[in-house]
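Presented below is the structure to which this report refers.
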Amino acid sequence: MATLIHTLSDHSDDVNYCAFSSSCLATCSLDKTIRVYSLSDFAELPYSPLEGHAYAVHCCCFSPSGLVLASCSTDGTSALWDTRDGRRLAVLQQPGASPVIPCQACPSFCGLFAFHSSDLCGKLYRSGKVKGGSLMACAFSPDGDFFVTGSSSGDLTIWDDKMRCLYNEKAHDLGVTCCDFSSHPVSDSENGFKYFQMASCGQDNHIKLWLILFADFLGVQLKYKCTLNGHSAPVLACAFSCDGQMIVSGSVDKCVIIYETSTGNTLHILSQHTRYVTTCAFAPRSPLLATGSMDKTVHIWQLDLKQPCAGGTVENESKVAIEDWSEDDVSAWLCAQNLADFVGLFKMNNIDGKELLNLTKESLANELKIESLGLRSKVLQKIEELRMTMTSVSVPDEFLCPITRELMKDPVIATDGYSYEREAMENWISNRRSSPMTNLPLQSLMLTPNRTLKMAISRWLETQQK
């Protein structure tokens, strides 16, 4: 079920784009402004709206840490804003002052911006000429090694991180309007490869799913997977949920459709907007969906992600305190988190709610004998999310080590572009040369201190002690 829980009506003209960080929602509009809201109560932040563009703002996106917001405009400029106080950090001029339409964030890039380790600097890059049309869409692979652009002529073009064109294919007859990557790779059991999954949409009313393999010894392979139908007019926006299990689209037909990625089945059709739906985005850490429209509004939707399980369902975790859960309650919770394979193991070890909350990476490895580091991290992440629901203040996701899911004390940046706790990453690379986040080979084992992130964590800790 998708429930409309809030509507933002502050823009005075068409809403062009919306983007989430772990704590904020940003929206931009034809009215030349960017507005930023808190996810805790959807109140507009004191420094909002951000003003400075001379014409319509087409797109906005957050840097990986959420400390910087980028925006691009018809006025031929792209701006970088400090999300802590709304200061404009930089203005980047597009050569020739031509309109800048798409921007997109990844571990090392944000559309046409390169974010340095300080996360406060931007540099303009040119990717080369797009064949036969204007660049309308841009999406980076989860590892940041390559990106895809979509053009008004209907082409999808794959570029590497040196801005070299690797592949080009006609995808949508009447033009590409948007594209997005799933952060979860797809396994090819027959060949033993893992593919990045990407979606594109266009003026032909279709959403298409693609599989992309990027490997040094194979080059680039782009495989068409399927087409998702349902819209009766051009599709203007598409986006994956953070777990990759759903994809949402918005269209000129005024509808928002949510699909199940694995089957292509339609889960929800939302028709509350009164004009074209121009943008849609899933929140990274909560079951929220934002949709924006030419009706000047942004709708916030709450998604019911509870799933049935043979052992029952956790209908409302707040009805029974988590520490009072029975073993059956824990089993139901595991099923709801797609961890049903662990039900037998947890029952055998008599894990109830209290025991669940006390589990650590050591007990998962030594007592429950979960050998896979990836599976331990996944279980620990879900337990950490449970712990957060018991407190009024949650730790920002970017402050947690992707390996241990614990607050980082000495964060370092690896060559895959992600930040990790130094000790955890050193232990990781002592046994392998692959990225914990992407499973792709690391170009180097060098670890660079992330001083900006360390300072941000320190400041956050200080605010919690007041």
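The values are calculated or read from the model by the stated rules, or taken from the named source; none is laboratory data. Treat the numbers as computed from the prediction; the structure is a model and nothing was measured. When we count neighbours, we look across all protein chains shown, and the Cβ atoms used for this are built from the backbone with ideal geometry, even at glycine. Ligands, DNA and RNA are excluded from the accessible area calculation, which covers all protein heavy atoms including side chains. Shrake-Rupley method; radii C 1.70, N 1.55, O 1.52, S 1.80 Å.
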**Item:** Members of the range 232-265 that are of a type in the set (S, T, N, Q), over 23 Å from His184 (Cα atoms) and open to solvent by 30 Å² or more (accessible area, probe 1.4 Å)
**Value:** Ser232
**Message:** I'm told Thr263 meets every condition in (1) under 28 Å from Lys378 (Cβ atoms); (2) touching a Lys or Arg at 6+ places or on another chain (Cβ under 8 Å); (3) assigned to a loop (DSSP other than H, G, I, E, B); (4) without any contact (Cβ under 8 Å) to a residue 40 or more places away in the chain except one. Can you identify the failing condition by its number?
**Reply:** (2)
**Prompt:** Are any of the residues in the range 228-238 touching a Leu at 6+ places or on another chain (Cβ under 7 Å), in contact (Cβ under 8 Å) with a residue 40 or more places away in the chain and assigned by the TED database to the domain that holds Asp41?
**Reply:** no
**Complete:** Among (1) on the phi > 0 side of the Ramachandran plot; (2) assigned to a helix (DSSP H, G or I); (3) not basic (Lys, Arg), Asn350 falls short only on (2)
**Prompt:** Residues Lys296, Lys208: which one is over 22 Å from Phe62 (Cβ atoms), assigned to a loop (DSSP other than H, G, I, E, B) and not hydrophobic (A, V, I, L, M, F, W, C)?
**Reply:** Lys296
**Item:** Candidate set from the range 323-355 (those that are of a type in the set (A, V, I, L, M) and out of contact with any Phe, Trp or Tyr (no Cβ under 7 Å at 6 or more places or on another chain)); member that is most open to solvent (accessible area, probe 1.4 Å)
**Value:** Met348
**Asked** In the range 1-59, which strands (runs of 3 or more DSSP E) lie fully inside it and hold 2 or more residues that are over 16 Å from Gln302 (Cα atoms), in contact with an Asp or Glu (Cβ under 9 Å, 6 or more places away or on another chain) and touching a residue at least 40 places away in the same chain (Cβ under 8 Å)?
**Response** 24-29, 34-38
